[in-house]
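The values are calculated or read from the model by the stated rules, or taken from the named source; none is laboratory data. These numbers come from a predicted model, not from an experiment. Neighbour counts run over all protein chains shown; Cβ positions are idealised from the backbone, glycine included.
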Amino acid sequence: MSSLLSSIESPADVRRLSRAQLPPLAEELRSFLLQSVARTGGHLSSNLGTVELTVALHYVFNTPEDRLVWDVGHQTYPHKILTGRRDRMDTLRQLGGISGFPRREESEYDTFGTAHSSTSISAALGMAMAAKIQGDSRKSVAIIGDGAMTAGMAFEALNNAGVADGRLLVVLNDNDMSISPPVGALNRYLAQLMSGQFYAAAKNVGKQVLKGAPPLFELAKRFEEHAKGMVVPATLFEKFGFNYIGPIDGHDLGSLIPTLENIRHLLDTDSGPQFLHVVTKKGQGYKLAEADPVAYHGPGTFDPAVGLTKPAKPPKTTFTQVFGKWLCDMAEADARLVGITPAMREGSGMVEFERRFPARYFDVGIAEQHAVTFAAGLACEGMKPVVAIYSTFLQRAYDQLIHDVALQNLPVVFALDRAGLVGADGATHAGAYDIAYLRCVPNMAVACPADEAECRQLLSTAFAQNQPVAVRYPRGAGAGVAQPAGLEGLPFGRGEWRRKGHGIAILAFGTLLYPALGVGEKLGASVANMRWAKPLDLELLRELAATHDALVTVEEGSVMGGAGAAVMEALHAEGFELPVLQLGLPDVFTEHGDPGRLLAGLGLDEAGIERAIRERFSSLLSPVVKAVG
């Protein structure tokens, strides 16, 4: 490592540098970032784009006394490197290592956790008002980018901030890119401004027309001076009560530093909330990422000199790919199907669907609440909406799910990707709670496919219903079960025996069926593939309860309120009294790390399930019997 970056242990060291040293520091930081992420995997394009902005903010503001709130949080790797975590970047997103997002427990410089987007302005405003109440002069800065301005929450916060009168700066990191290509009227508006075509055309036409009349030409020149104010975002953001500044080049430290210093002075003089518009480029400084920022959004390990390469052997089919193929096949068969995503086209497997059915594809931006109610409106008019959404993102639209979909019993299919643990992204992205928060809602049904074949079949089952149904499936690949070619479904609300044994019955919900089957073979236990967390297959449950001494429920979801809890409630209602061991995700937030290691640590792999059953029900275990059925 060269001398400048190696000398930076905290932002105080950055502030001791001369301005002339900042551009070479930024280049070293970008090079270190690229080499580091290439070794560990992680978010790359967004972080390459924030290098200069990060340097400038820490140079001008007195962090951590002044608060920086980064939104979305996957653009904070340069911030982590400059705030004392450079030597831990080789542990990024690994078990026991540093998080890929800001985390308050990790550093005093991480003032707010922002792994879900569009929360920064609200949080920073809260911090600014706390400083005002406490009589403190500290400043709060929200850095919002990667499409996060499309969410309604950001505008709710702007609306409040404009009259709250705190020492608040909002920095719009306008990189013309969310995770998927950006959508919506606001983005088109900003893109038009950046192109300059509207403004340039307006002033040039005026000049050409009025050149023959000198007094009028002078008037046109004066109009030109004011025209920018009519077309730049000042018109929008100043209506919220902000002093708008920009747009400026977010990679030009010669512009960033003095602009931020002027803004800091305005904040010191209580001039009201400030809004700085900076334009950056995703993947800046690495040509391959600049050319394809989506591919380099969150790559695995790679050689920076070569770039991303295809694996030597084709990877297993993922559940996301199963969904994407089913969506296209069902859309071909049923013209009522429409697909909706809140800015996760690639992540949710909808690229091919958009290509083949553009008129029935809707990317609504980072706006989960809108996505759900938009789907409800489509369903009211006879369409069959499929909302492809991560389990953890649906949490953001819970009110809409209840009031706009379930209460009206509208036939919306929720394809819940990333159910269960997600690995490197950690607790903020883990789909731990969907069974618990969905099964308590009237009219909702929740399917838990065990493998790729069942995922396709249960999506078809869900689509055929005249009520809202969620199909939850994990990130990555499953057991490798071949999918059926057709669109036939499975019986609604019905599970199946997979192994008939004695004494103990294991009731598996979802992909943990396969380790449960291994345990069943070892312990001579019965195994049921329950398939549905709601409605439960009560006929199968009664049979299991009547013929076994104890039951074990297994799920990759929250134990509290989850599928096991549903089994307990049903047994009580049916008058059964027998012991039940509930295995699932405990009442803690699970850290980031390799999914297999995380499951093993939680006792949800085959060895852990066997161990838990032996500890609880050792007296009930019978000699191993051969599986039947």
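Details
- Sole exception among (1) out of contact with any Pro (no Cβ under 7 Å at 6 or more places or on another chain); (2) modelled with pLDDT of 95 or more; (3) not in a strand (DSSP E or B) for Gly493, by number: (1)
- Scanning segment 333-357 for residues that are more than 14 Å from Gln321 (Cα to Cα), under 25 Å from the mean Cα position of the chain (by Cα) and touching a residue at least 24 places away in the same chain (Cβ under 8 Å) returns Leu337, Val338, Gly339, Ile340, Thr341, Pro342, Ala343, Phe357.
- Condition met for Ala462 (outside the structural domain of Gly557 (by TED's automatic domain parsing) and under 27 Å from the mean Cα position of the chain (by Cα)): yes
- Counted residues, segment 596-607 - those being surrounded by fewer than 18 Cβ atoms within 10 Å (Cβ to Cβ) and either on the phi < 0 side of the Ramachandran plot or out of contact with any helix residue (DSSP H, G or I) (no Cβ under 6 Å at 6 or more places or on another chain) (or both): 6
- Scope segment 546-566; condition of a type in the set (A, V, I, L, M, F, W, C) and either crowded, with 24+ Cβ neighbours inside 10 Å or free of Cβ contacts under 8 Å to residues at least 40 places away in the same chain (or both); matching residues: Ala546, Leu551, Val552, Val554, Val559, Ala563, Ala566
- Candidate set: segment 67-110, residues that are buried (at least 22 other Cβ atoms within 10 Å of the Cβ) and of a type in the set (S, T, N, Q); chosen: the one farthest from the chain's Cα centre (by Cα): Thr83
- Out of Val422, Val441, Val405, Val386, one residue alone is in contact (Cβ under 8 Å) with a residue 60 or more places away in the chain, closer than 27 Å to Arg494 by Cα and outside any helix (DSSP H, G or I). It is Val386.
- Just one of (1) outside the structural domain of Gly42 (by TED's automatic domain parsing); (2) surrounded by fewer than 18 Cβ atoms within 10 Å (Cβ to Cβ); (3) touching a residue at least 40 places away in the same chain (Cβ under 8 Å); (4) farther than 30 Å from Glu452 by Cα fails for Phe237. It is (2).
- Scanning segment 569-590 for residues that are surrounded by fewer than 23 Cβ atoms within 10 Å (Cβ to Cβ) and touching a Ser or Thr at 6+ places or on another chain (Cβ under 8 Å) yields Val580, Leu581, Gln582, Asp587.
- Any hit, segment 169-188, residues being part of a helix (DSSP H, G or I), of a type outside the set (D, E, K, R), modelled with pLDDT under 85 and surrounded by fewer than 18 Cβ atoms within 10 Å (Cβ to Cβ): yes
- Subset of segment 350-380 (residues that are small (Gly, Ala, Ser) and modelled with pLDDT under 95): Gly365, Ala367
- Matching option when the condition is over 21 Å from Asp417 (Cβ atoms), at pLDDT below 95 and of a type in the set (Gly, Ala, Ser), among Ala305, Ala295: Ala305
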